[in-house]
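The values are calculated or read from the model by the stated rules, or taken from the named source; none is laboratory data. Note that this is a predicted model, so its numbers are computed, not measured. Cβ placement follows ideal geometry from the backbone for every residue including glycine, while neighbour counts extend to all protein chains displayed. For accessibility, only protein heavy atoms count, side chains too; no ligands or nucleic acids. Shrake-Rupley method; radii C 1.70, N 1.55, O 1.52, S 1.80 Å.
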Amino acid sequence: MTRDDEDDEELDGVDIPPEQFVEAEVPTTDSRDAQQCLKEKYKGDRNVYSIIGTSYPAGYTTSWMAHSQGSSNETEYGVAIGVETSGGSGFDYKASGTRTVGGSWTGTWDPLKVARSYQIQVNYHYYVLGEGCKGETRYQRPHVETGGAQDNTSGLVRPGWKKYCANQPRNYQFDRTDDRGKAYSYGAAVKFAKIIGINLSVKKAYTKSNRLSYKFAGSAKHSLCGYDEYPALAGKMVDRPYWVE
């Protein structure tokens with residue numbers, strides 16, 4: 001079953017600034033120039049998709065997301081570091097902090113009545129530090145958002161959040177638009193597992209140009225329930241087809 005319901009714990013780690021990479025890992029060798037082992041080489045890039053939001057409407061409710069990206073609305077994506085395994089047969093990747101990148105475009109998904117994850121494409125650069133040296137280290141770092149997008153409506157599990165709920169009237173539109181509350185975050189949002197064995201984290205703030213919307217329709221009254229706060233401040237939320245007294 002596909003798990004896009006963000007129940008995973010956040011990936012922890014401290015990002016290593018570029019000027020500290022050599023200090024953090026120092027590949028060495030007896031047979032080559034030591035300085036060669038301290039050089040970082042760009043080896044290519046690849047595009048992967050990252051979830052930047054989810055919605056879970058119920059009944060006749062529809063939901064959608066509008067996404068506008070610019071220098072004031074960038075996103076934090078996870079960084080991965082690969083170290084040689086003890087037997088020297090491969091590389092083991094671990095999450096190591098985040099890097100903030102963006103692009104410059106606007107897109108809006110159509111309103112739908114089904115649960116959905118919203119995804120945008122991110123270009124990652126692949127680097128090697130100390131290629132061929134003892135202690136060679138590999139990096140996957142986010143470079144830029146490409147402007148590509150997709151969504152997923154298959155296999156999502158409706159969350160059971162019921163602690164922070166707010167009633168929503170009929171024929172009413174709710175928009176989560178302000179960055180003063182919780183950002184959307186998910187520890188396995190960047191779909192990298194097929195390439196490096198792990199997925200990476202994302203953190204995306206809500207703004208007027210990066211908003212999640214629910215349109216409540218039909219005869220039933222609904223409640224919107226937040227994951228970590230009331231809907232006005234929540235990073236994630238789910239629609240429930242009942243009125244909370």
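Per-structure values
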quantity: Unmet criterion (only one of (1) part of a strand (DSSP E or B); (2) under 23 Å from Ser104 (Cα atoms)) for Phe174; calculated: (2)
quantity: Extreme residue, farthest from the chain's Cα centre (by Cα), among residues of the range 123-153 that are among the small types (Gly, Ala, Ser) and surrounded by fewer than 16 Cβ atoms within 10 Å (Cβ to Cβ); calculated: Gly132
quantity: Selection from the range 178-201 of residues that are open to solvent by 30 Å² or more (accessible area, probe 1.4 Å), over 15 Å from the mean Cα position of the chain (by Cα) and within 13 Å of Gly235 (Cβ to Cβ); calculated: Asp178, Asp179, Arg180
quantity: Checklist (1) out of contact with any strand residue (DSSP E or B) (no Cβ under 6 Å at 6 or more places or on another chain); (2) open to solvent by 30 Å² or more (accessible area, probe 1.4 Å); (3) under 30 Å from Val83 (Cβ atoms) applied to Ala220, failing item; calculated: (3)
quantity: Close pairs from the range 129-154: first closer than 20 Å to Ile195 by Cα and among the hydroxyl-bearing types (Ser, Thr, Tyr), partner assigned to a loop (DSSP other than H, G, I, E, B) and open to solvent by less than 60 Å² (accessible area, probe 1.4 Å), Cβ under 8 Å, at least 6 apart; calculated: Thr137/Glu25; Thr137/Pro27; Thr137/Gly130; Thr146/Gly103
quantity: Among (1) in contact with a Gly (Cβ under 6 Å, 6 or more places away or on another chain); (2) crowded, with 22+ Cβ neighbours inside 10 Å - the single one Lys204 does not satisfy; calculated: (1)
quantity: Strands (runs of 3 or more DSSP E) lying entirely in the range 34-122 (those with 1 or more residues that are surrounded by fewer than 16 Cβ atoms within 10 Å (Cβ to Cβ)); calculated: 40-55, 75-84, 91-101, 105-108
quantity: Among (1) among the hydrophobic types (A, V, I, L, M, F, W, C); (2) open to solvent by 50 Å² or more (accessible area, probe 1.4 Å); (3) in contact with a Pro (Cβ under 8 Å, 6 or more places away or on another chain), the one test that Leu233 misses; calculated: (3)
quantity: Of the criteria (1) farther than 19 Å from Gln121 by Cα; (2) among the hydroxyl-bearing types (Ser, Thr, Tyr); (3) assigned to a loop (DSSP other than H, G, I, E, B), which one Ser154 fails; calculated: (1)
